[in-house]
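Derivation of every value follows stated rules applied to the coordinates shown; laboratory data play no part. Predicted, not measured: the structure shown is a model, and the values here were computed from it. We place every Cβ from the backbone using ideal geometry, glycine too, and count neighbours over all the protein chains shown.
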C-alpha cells in the first residue's frame, strides 16, 4: 500500500504571496491532519479533516485554511505569507476507526518564505 | 487546550544502556498517548502508543508507562543501539478526532 504523499516537496515564496500544499493519504484513510514543524515551536497541529469536514482546528490565524475532497485528498492554503511561515508542513493520515489511532506522516513540504 | 511538556531535551547514553524520556500532560480528558521517532531529514514514525485504560505497554526493547493520576507518561528504551539515535516526540490526544498535541522533542544520541 502506498504511503502518504505530499506535493510539492520544496517551495520558495516571497512575503505576501499565497501557497497551496497538497496531501494524498493512504488508500482507505479518511482522516487527514496537518502539522507545522519548526525548530523553535516543534510540531504544532493546524487542522484535521474527516469526510470533507474540518473536525479539529489548532491555534493558527485565519490565513491558514484547508479542505478535503471526496477522495480524502487534502489541501492547505496559506495566504499573505509571512517570514515566520517558513517551516516544514507535514500531513498525516489515519484510518479513524472511531478512536484516535496511528497517524502516518507524509515526507512534508519545506516552505521557505523570503 | 492540552499542553504537553517533555524532558529532557537532549539525552546522551552509551550503547547498551537504557534511556528514559518523560512527558506530562495537562488535560485529564486526553486518552491516547503515542510516541514518534523522527530521524534527521525523515518523517515522524510511530514507535509505540498507549491508551488511557492501560498502564504499561511493551514492544521488544521499547516500553511506555502511563500514570493517569499524575498525568505522566514515559518512554523506556533498553539495550540502546546507535540506530536509536533520533528525535523522539511524545504526544497526547483528547479524543474526538486525531488532533495531537506534541511535546518539544528529545534528541537521543547513542554513543559507541
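Quick notes on this structure:
- Residues of segment B:90-112 that turn out to be part of a loop (DSSP other than H, G, I, E, B) and more than 10 Å from the chain's Cα centre (by Cα), as a count: 8
- Looking only at residues of segment A:93-106 that are in contact (Cβ under 8 Å) with a residue 12 or more places away in the chain and more than 27 Å from residue A:15 (Cα to Cα), we find that the one that is surrounded by the fewest Cβ atoms within 10 Å (Cβ to Cβ) is A:95.
- Some residue of segment A:36-49 being in contact with a strand residue (DSSP E or B) (Cβ under 6 Å, 6 or more places away or on another chain), under 25 Å from residue B:37 (Cα atoms) and not in a strand (DSSP E or B): no
- The condition of being within 14 Å of another protein chain (Cβ to nearest Cβ) and buried (at least 18 other Cβ atoms within 10 Å of the Cβ) holds for only one of B:84, B:59, B:49, that being B:49.
- Against the list (1) within 11 Å of another protein chain (Cβ to nearest Cβ); (2) more than 24 Å from residue A:57 (Cβ to Cβ); (3) touching a strand residue (DSSP E or B) at 6+ places or on another chain (Cβ under 8 Å); (4) loosely packed, with under 14 Cβ neighbours inside 10 Å, the condition residue B:96 fails is (2).
- Residues of segment A:25-54 that are closer than 20 Å to residue B:4 by Cβ and crowded, with 18+ Cβ neighbours inside 10 Å: A:33, A:34, A:35, A:36, A:37, A:43, A:45, A:46, A:47, A:48.
- Residue B:87 meets all of the listed conditions (1) touching a strand residue (DSSP E or B) at 6+ places or on another chain (Cβ under 6 Å); (2) part of a strand (DSSP E or B); (3) within 30 Å of residue A:98 (Cβ to Cβ) but one, namely (3).
- Only one of A:111, A:21 that is more than 12 Å from every other protein chain (Cβ to nearest Cβ), part of a strand (DSSP E or B) and touching a helix residue (DSSP H, G or I) at 6+ places or on another chain (Cβ under 9 Å): A:111
- Count - residues of segment A:59-89 that are within 14 Å of chain B (Cβ to nearest Cβ), within 13 Å of the chain's Cα centre (by Cα) and either over 21 Å from residue A:24 (Cα atoms) or in contact (Cβ under 8 Å) with a residue 60 or more places away in the chain (or both): 2
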